[in-house]
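Since every read-out is calculated from the coordinates, none of them should be taken as a lab result. Quick caveat: nothing in here was measured; it's all calculated off a predicted structure. Note that each Cβ is placed from the backbone with ideal geometry, even for glycine, and that neighbours are counted across all protein chains shown.
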Amino acid sequence: MIEKRPLGTTGLSVAPLVVGGNVFGWTADEPTSFAILDAFAAAGITTIDTADVYSAFAGLAGGESETVIGKWMQARGNRDRIQVATKVGLLPIDGAKGLAPKTIAAGVEASLRRLRTDYIDIQFAHVDDETVPQEAVAEAFDRLVRAGKVRAIGASNFPQARLASALDAAERGGFVGYGVIEPNFSLMAEDKFPAGYRQFCIDRQIGVMSYYGLAGGFLTGKYRKVEDIVGSTREPWLGGYFNPRGEAVLAALDQVAAETGATVAQVAIAWIIATPGIAAPIASATSVAQVESLLPALTLTLGPAQKAALDAAAATPA
């Protein structure tokens with residue numbers, strides 16, 4: 001049985017892994033998505049992270065992932081056992097992006113319809129919006145919480161200073177504040193969510209669900225030199241990882257994998273799980289086999305020397 005972790009002060013708890021929903025309705029069709037979701041749920045991983053904009057970035061309309069998740073929950077009759085996190089702010093609503101109160105309200109209503117539910121467990125602001133006063137954003141989200149349409153709210157991709165000022169604005173207004181943050185964090189991106197920011201979240205009791213834990217596939221160990229990706233669709237995503245940090249991280253992963261008998265990807269995920277302040281990394285899978293390959297990371301214990309070696313590699317200048 002997977003032991004769940006509290007998600008800050010939201011009252012929610014998560015398994016130490018969250019299902020990444022960006023592939024559903026895109027690189028994973030509906031039957032495949034259902035099978036993937038079934039496999040995660042059977043393993044006790046019942047928090048799903050998605051967004052209204054998935055998968056508009058791939059040329060689709062957006063909302064495809066939410067639609068698949070909604071159909072799956074309805075088909076399985078398991079809404080009360082599933083936690084859904086989604087996001088608003090990047091998919092145009094009536095032609096507008098961002099966090100204007102009317103955009104937030106309309107976006108959440110659209111997500112509720114696609115998800116076939118009357119509440120969202122965690123509603124994220126997908127990105128910060130400096131054009132809207134933070135008090136107005138806080139009031140808009142607070143209204144949704146008080147209406148029972150949202151259980152908790154979170155901030156995705158927020159700089160530390162903006163998260164801090166948003167929390168202060170909510171407190172001044174007597175509004176529900178952000179209880180969760182979703183940053184980019186991996187062995188290749190430790191500097192994007194550094195120790196000082198992690199400690200800030202611990203101090204303010206902000207839950208953390210991190211994304212991009214395998215750095216787009218670089219931390220699977222499949223790509224060892226830049227020639228492996230030249231001319232491929234991965235080149236724009238992974239090209240910047242072939243540097244001294246990438247070499248140090250892969251070498252450390254190889255060593256720990258050899259010592260533990262785990263795969264490189266499992267070690268990379270286990271490192272995130274072992275990092276103080278992180279409730280759970282988000283991981284996507286496009287097949288049941290990939291789900292099964294991720295699960296051993298949840299029970300992989302890194303020794304102090306192994307964790308220290310990985311920490312040092314992550315801190316290597318790029």
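Overview of values
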{"read-out": "Projected label distance in nm at Q205 and D254, using a 7 Å step from Cα toward the beta-carbon", "value": "4.6"}
{"read-out": "Spin-label model distance (nm) - A58 vs V145, 7 Å beyond Cα toward Cβ", "value": "3.3"}
{"read-out": "Label corresponding to semi-axes √(5λ) of the Cα gyration tensor in Å when calculated from the structure given, among [x] 38, 24, 22; [y] 27, 26, 22; [z] 31, 22, 19", "value": "[z]"}
{"read-out": "Non-local Lys pairs in the chain, i.e. 8 or more apart or on different chains, that have alpha carbons under 27 Å apart", "value": "21"}
{"read-out": "Global size of the range 69-134 as Cα Rg and Dmax, reported in angstrom", "value": "13.1, 41"}
{"read-out": "Gain in span if fully extended, A96 to S287, counting 0.36 nm per residue against the direct Cα distance", "value": "65.3 nm"}
{"read-out": "DSSP-assigned coil residues among GluC sites (Glu not before Pro) in the range 126-187, each with at most 15 further Cβ atoms within 10 Å", "value": "E130"}
{"read-out": "Of all DSSP beta bridges in the chain, antiparallel share, percent nearest 5", "value": "10"}
{"read-out": "Footprinting exposure proxy for M188, M1 (fewest neighbouring C-beta atoms within 10 Å first)", "value": "M1, M188"}
{"read-out": "Rounded, prolate or oblate (a/c below 1.5 giving rounded, otherwise prolate when a/b exceeds b/c) for the range 6-73 by Cα gyration tensor", "value": "oblate"}
{"read-out": "In sequence order, calculated HN-Hα J values of the range 167-184 (Karplus, 6.51, -1.76, 1.60; Hz; x Gly/Pro)", "value": "5, 5, 5, 5, 5, 4, x, x, 9, 5, x, 4, x, 9, 10, 10, x, 6"}
{"read-out": "Pairwise label distance in nanometres, A75 with T131, each label 7 Å out on the Cα-Cβ vector", "value": "3.9"}
{"read-out": "Cα-based shape type of the range 1-116, given that a ≥ b ≥ c are square roots of the gyration tensor eigenvalues and the cut on a/c is 1.5", "value": "oblate"}
{"read-out": "Most mobile listed residue (N22, N243, N184) in the chain, GNM with C-alpha springs under 10 Å", "value": "N243"}
